[in-house]
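Scroll down for the structure; my scribbles are underneath it.
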Amino acid sequence: MKLVIGSDHGGFPMKEKLKKFLQGLGHEVTDFGCYSTESADYPDPALLVAEAVVSGQFEKGILLDGFGGAVAFAANKVPGARAVCAYDLISAEFAAAHENCNVLCLGGKTIGELTLQKILQVFLATKFEGARHQKRLDKVTAIERKYSK
């Protein structure tokens, strides 16, 4: 799968580990920063990753910060981005199966490396179920269109 990954300084150390993990699974991973633990503003990588996924350059995006919420908050400002935080296997599965999430947001300081690896595996392997979930996503898209003028 063609993936894009990004983080702020709080998510940087874990991003580096997960990037290698994903590459080891055979995924093509492009890193949009940040590139150190020096202070970096979370909206910057969130914008880059969300835009790249929405434009179709990448199949899925992964964002990390200290707890996952700040990057989700920023990424969801991009029309068409469906950024969801995952904290366990069930939330990762539902993000993919029910919300058709295209940007998964993770906490680099709140969840351990092995758990994050499993979360990513579940997220990337789970297919969108469509049907009643698509109806709900259509409502979300209508809200987005209403306020994106």
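Taken together, the values in this text are just the output of simple stated rules run on the coordinates, not laboratory data. These numbers were taken from a predicted model, which means no experiment stands behind them. Note that each Cβ is placed from the backbone with ideal geometry, even for glycine, and that neighbours are counted across all protein chains shown.
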Pairs, first without any contact (Cβ under 8 Å) to a residue 40 or more places away in the chain in segment 6-28, second in a helix (DSSP H, G or I) and of a type in the set (D, E), C-beta under 8 Å, six or more apart: none
Residue within segment 101-111 that is free of Cβ contacts under 8 Å to residues at least 24 places away in the same chain and either more than 30 Å from K149 (Cβ to Cβ) or touching a Gly at 6+ places or on another chain (Cβ under 9 Å) (or both) present: no
Single residue of C101, C34 found to be under 13 Å from G11 (Cβ atoms) and buried (at least 18 other Cβ atoms within 10 Å of the Cβ): C34
Answer from K149, K135 - the residue that is over 17 Å from F12 (Cα atoms), assigned to a loop (DSSP other than H, G, I, E, B) and not aromatic (F, W, Y): K149
Tabulated pairs, segment 37-49, first part of a helix (DSSP H, G or I), second aromatic (F, W, Y), C-beta under 9 angstrom, 6+ apart or interchain: P43/F73; D44/F32; P45/F32; A46/F73; L48/F32; V49/F32; V49/F58
Count of segment 113-132 residues which are within 21 Å of L3 (Cβ to Cβ) and in a loop (DSSP other than H, G, I, E, B): 3
Test: residue in segment 61-77 that is of a type in the set (D, E, K, R) and surrounded by 20 or more Cβ atoms within 10 Å (Cβ to Cβ): yes
Test: E129 is of a type outside the set (A, V, I, L, M, F, W, C), touching a helix residue (DSSP H, G or I) at 6+ places or on another chain (Cβ under 9 Å), surrounded by fewer than 18 Cβ atoms within 10 Å (Cβ to Cβ) and more than 23 Å from Q23 (Cβ to Cβ): yes
